[in-house]
Each structure stands twice: as C-alpha cells, then as structure tokens.
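To start, the structure itself, in structure tokens.
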Amino acid sequence: MEMHQLRYFAAIVDEGTFTAAAHRLHVSQSGISTQVAKLELELGQQLLDRSGRQIRLTPAGEAVLPLVKSALATLEAIKL
C-alpha cells in the first residue's frame, strides 16, 4: 500500500469521479484507476462501486475512508 494510492482513493470520493480526481491531482484517469484497483487488490476488498455513473463507496470503502483521511492528515501534519 502506498500513500499516493490513499490520496487517489480520497480524491475520488471527494470529487465524485475518477476524471475529476485525476484532474485535481494532475495524473491520468487510467493511472488513478489502476492505482485504486491495486489498492483494492491489496486490501482484498472493493472500495468503490463503479456500476453507475456516480462512484459510490462500498461498505468496505465506508469503513476504510475515515482511516485513509486520518492517515493523510497525519502525513500533512508531519510535513509542517
């Protein structure tokens, strides 16, 4: 698991689409999609429901999101 994967996951949730998250983070949509798929594979859980036009969190995604946001906030605090 890598920090950029956590950032990508959080950005997708915040922005609502892979494309908007990729734009915000200045990465390709395919790159962000690949990295989140790798994160899901490593965790053994699907975090996002991609079946409709909107991205929705799965129950696993809902459980992981607060931990991801906390980890990212801690990383930002360390940088200060």
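Taken together, the values in this text are just the output of simple stated rules run on the coordinates, not laboratory data. Not measured: the values here are computed from a predicted model. With ideal geometry, Cβ positions are generated from the backbone for all residues, glycine too; neighbour counts draw on all protein chains shown.
Of L39, L25, L47, the residue with the greatest mean-square motion in the GNM of the chain, using alpha carbon springs below 10 Å, is L25. Close amide H contacts of L48 (hydrogens built in the peptide plane, cut-off under 5 Å, sequence separation of 5 or more or a different chain): T58. The three principal axes of the Cα atoms in the chain give end-to-end lengths of 39, 26, 19 Å, sorted in falling order. Electrostatic tally near D14: other residues with Cβ closer than 15 Å to its Cβ, Lys and Arg +1, Asp and Glu -1, net +1. Considering only A63, H23, A11, and ranking their Cα positions along the charge dipole of the chain that arises from unit charges at the beta-carbon of Lys, Arg, Asp and Glu, the one farthest toward the positive end is H23. With helices as the sole contributors, the chain gives -23000 deg cm²/dmol at 222 nm; each DSSP H run of n ≥ 4 counts as -39500 (n - 2.57), and the sum is divided by every residue. Just want to confirm a number: the relative contact order over region 1-76, from Cα pairs under 8 angstrom separated by 6+ residues, in percent. Relative contact order, region 1-76: 30 percent.
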